[in-house]
Amino acid sequence: MLATQRRDAIAERVLKDGRVLVAGLARELGITAETVRRDLDALEQAGVARRVHGGAVSASRSSLVETAVAERQDANADGKRRIARLACERLLASGATSLLLDAGTTTAALAAELVATWPGAGGPRLVVATHSPAIAQLLAAHPSIEVHAIGGRIRAVTGAAVGAQTVLAIAALRPDVVILGTNGLDASGATTPDPDEAAVKAAIVAAGRRVAVLADATKLGEASLCRFAALEQIDVLLTDAAPDAALAAALDDAGCEVQVA
């Protein structure tokens, strides 16, 4: 394969998947990792890709890019369902009776799993607080789940309540477990593009006796503008694919348990 053909193929993958890894491309194309790195460098100069540790992402992806929740709903839906099932199993096994649930598509998948599998009338009672009106409405249909909706200004792009009112309400809570989504998770911690969302997520982290982050594989190794939690503040990461060696080492050093669905 000519260099131009190879780079066209890599560019197509970057644009389609949003992220490529050096090791994976080298294996698939039957070339050396160094050749892949040179190709990615050339694509970065052409404005097609942006180099990151271990590979590259689409140049259209940046620390400020934030996709509307409706557009993210079906992205990696199977992975999110598997993460949600695992999280629900862990909640049932832990005996937790109170939960603070972040907004997001993966946390929404968990809410749907709770409605489907949490024991019905006469079963253990679960109290759930959330700043997502959509998640609150979904959970309210379950007879054994008591829902507390946290108010605030609703951001259209995420459908989540944010602002000082939201942060103050969360600061008054002390649930058994808090469960958050994230836009990115790398060695620096968990991140999100918007400062108001980050303030709410940081308040959620501070409120929890135990902190769990749900992140599908597309979030691993990514970083957005605002950090809301260091890895040391996260007790468990639930994901659908094992983190790469560098992130896995950072998580281990931070004492963060990793569970792969």
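The values are calculated or read from the model by the stated rules, or taken from the named source; none is laboratory data. All values derive from a computational prediction rather than experimental measurement. These area figures cover heavy atoms from the full protein model, side chains too; ligands, DNA and RNA do not enter into them. Shrake-Rupley method; radii C 1.70, N 1.55, O 1.52, S 1.80 Å.
Accessible area per residue, 1.4 Å probe, Å², for the chain: what's the number?
Accessible area per residue: 45 Å².
Taking all protein chains as present, what is the carbon and sulfur share of the accessible area of the chain, in % to the nearest whole number, probe 1.4 Å?
Carbon and sulfur atoms account for 53 percent of the accessible area of the chain.
Kindly work out what percent of the DSSP beta bridges joining two residues of the chain are antiparallel, to the nearest 5.
40
Classify the stretch 157-231 as rounded, prolate or oblate from the Cα gyration tensor: take a ≥ b ≥ c as the square roots of its eigenvalues, call it rounded if a/c is under 1.5, otherwise prolate when a/b beats b/c and oblate if not.
oblate
Using alpha-carbon pairs under 8 Å, 6+ residues apart, how would you state the relative contact order of the stretch 86-243 in percent?
With pairs under 8 Å counted, the relative contact order is 21 percent.
Note down the relative contact order for the stretch 166-230 as a percent, whole number, built from C-alpha pairs under 8 angstrom at least six residues apart.
Reported as a whole number, the value is 47 percent.
Read phi for every residue in the stretch 10-26 and hand back ³J(HN,Hα) as whole Hz from Karplus 6.51 cos²θ - 1.76 cosθ + 1.60, θ = phi - 60°, with x for Gly and Pro.
Each residue's phi maps through the Karplus curve to give 5, 4, 4, 5, 4, 5, 6, 9, x, 8, 10, 10, 4, 4, x, 5, 4 Hz.
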